[in-house]
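Taken together, the values in this text are just the output of simple stated rules run on the coordinates, not laboratory data. Keep in mind that this is a model prediction, so the values were computed, not measured. Here the Cβ positions follow ideal geometry from the backbone for every residue, glycine too, while neighbour counts run over all protein chains shown.
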Amino acid sequence: PSGREPSHEDLPIAADYPHTLFTLLGGSYQLRVMEAATRLCPEDLCPGEDDASHGTLGELFDDLNVVSRHLLLPESLRRNLPDVANTFSDFGDTPLEDATTSTGPTGATGPTGATGTTPPVRTGQGAARRLGRQFALRSNADEFDRVDQFTKALKPGQERTLDLIHIEKPHYPWRHIPDGQRYTNLAGEWSGLLPNDGAWQAGKRPVDIALQRHLLEVGYTDTLLARVIDRLKRTGLWDRAMVVVTADHGGAFLPHVARRSAVPENMGEIAPVPLFIKQPGQTKARVDRHHACATDVLPTIAAGLGIEYPWERTACPADRATVLNSPSGQASAPMATVVRQRQQLIDRIERVFGTGGGWQPVYQFGPHRDLIGRPISKLDVNPALGRFRVLPERRNLVKAYDPAAPTLHGLLQRGLTKRFGEDQVLAVAVDDTVQAVGWTFKDGTGNGPGYSILLPPDALRAGFNKVDIYLVERGGRYLQKVYDGSKPLPVAANPDRDAKPGRDGQRSAMRAAKGDGDGA
């Protein structure tokens, strides 16, 4: 919200950015500000702002410990550290049972320049600056809680108030379905495919799976935004308010190309960001297709509120798009290239996931999707387990499933394969009906093969679910069972309760982990 170009040498704090939306309005507006990864509102305007979300000093030191090891250890010792490049905080909070090898294919680094495009320019960024970016401000609260706190402060009849909230969604990690429920607590499922600010270590199929999870997280973000808009309308503030919604950067889903760093190949996915502005009193929507820069947002707000903009405006060339604060530095491309690449992403999403039908097509994508919804009894199936197997990570979670739990453990079917390789097709059946399909793949370090297949939320019911997994062969005409989930949950293997202490409890936990009595 500064209206000026960012710099790698500046921290996202008020001292480095003295001219912002907050100082523009702070003299005449009441400020209610919930920043997340920044501290741009000066202390005299936002005293003690959002203190409850800062996290504890111990949590900060935990994160500093992880980051320092990333900075100091050699590559061979950094591979198993928690991911720090793709999220803001809580780097070490991955549950122990989830801290297994991520799965995805081996890949190369991204390709280099293209005609008419400026390659990225790297800028120096010391460890202190990088730490400052990570820890200028922390937000550990659940997004629903933060949005609820934000919306409750919106009162009927309020005047001259700036209400601002920064939500770190749909930022990685992706772990929500659109209604806001989590399907996993993994903090870095795709970290094996996403080295720090580097290229996807993956081919098309695993990147499509990651794109599926990103789109579902976008749906969750839309749900959060809908809650804010609904509150504005119910309080009568919607018609009178200026409402601005935007993002700070995009994300790219191109095989062997950087996801976050701007490079020539991904400018059409990194540079364009959503920008939604409803002016006070505006009743009819319109689409403005003119090129705008992030630096235009603050002057536009000032104009909409009838305030003279007091600072020099930053130029925004109409024929080029530039990403200045990418982790890789600066990159630039002609607008025609950016628009073309953006349309390619739109076309790809429609091609891979289809259109219409709500979120169902996003869940029901993949190879041989015509199998989804078909009973096993109507297919050519070998129901006997052979030498080919899959090894689910947390197989018992579907056998005592709770659809009201904070995290819907069991929707994410994830694990490793045994005696067969990558680029194979798996079908997941619930109570003898195929509900989802997917591929096997390796991660960027060559680990695996493994699989990561997400079931639709309505695929599981409360209590026991028989989840079987099949290897799809002969062009989808033949299914070989590779995991049998027909046996009930062992008494001592309640996934949500620790085993009782002592030797018997330890043995029970070990049996549960190995899958004894579980058809494995």
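Is the shape of region 310-372 best called rounded, prolate or oblate, per the rule: a/c under 1.5 gives rounded, else a/b larger than b/c gives prolate, else oblate, with a ≥ b ≥ c the square roots of the Cα gyration tensor eigenvalues? It is prolate, given that a/c is not under 1.5 and a/b is the larger ratio.
Would you mind classifying region 371-458 by shape? Square roots of the alpha carbon gyration tensor eigenvalues, ordered a ≥ b ≥ c; an a/c under 1.5 is rounded, otherwise it is prolate if a/b is larger than b/c and oblate if not. Oblate is the answer for region 371-458, as a/c is 1.5 or above yet b/c matches or exceeds a/b.
Each residue of region 169-182 is assigned a 3J(HN,Hα), and the resulting list reads 9, x, 4, 4, x, 9, 7, 10, 8, x, 6, x, 6, 7 Hz, derived from the Karplus form 6.51 cos²θ - 1.76 cosθ + 1.60 (θ = phi - 60°), x at Gly and Pro. If the limit is 20 Å between Cα atoms, which of K233/K278; K204/K378; K204/K418; K204/K442 go over it? Exceeds cut-off: K204/K378; K204/K418.
Close amide H pairs (under 5 Å, H built 1.01 Å from N) link V482 with I469, Y470, L471, residues at least 5 positions away or on another chain. Annotation: amide H-H contacts under 5 Å for D432 (H modelled 1.01 Å from N, sequence separation of 5 or more, or interchain): D468. Here is the size of region 153-217 from its Cα atoms: Rg then Dmax, 17.1, 54 Å. Across region 278-286, computed HN-Hα scalar couplings (Karplus, 6.51 cos²θ - 1.76 cosθ + 1.60, θ = phi - 60°) run 10, 6, x, x, 5, 10, 10, 7, 8 Hz from first to last residue, x flagging Gly and Pro.
Which net charge results when you count Lys and Arg as +1 and Asp and Glu as -1 among the other residues whose beta-carbon is under 12 Å from that of Y29? Value of the local net charge: 0. Fully extending the segment from S68 to D432 would add 126.1 nm, taking 0.36 nm per residue of separation and subtracting the current Cα-Cα distance.
For R259, the residues whose amide H sits under 5 Å from its own are W200, ignoring neighbours fewer than 5 places away on the same chain, with H placed 1.01 Å from N.
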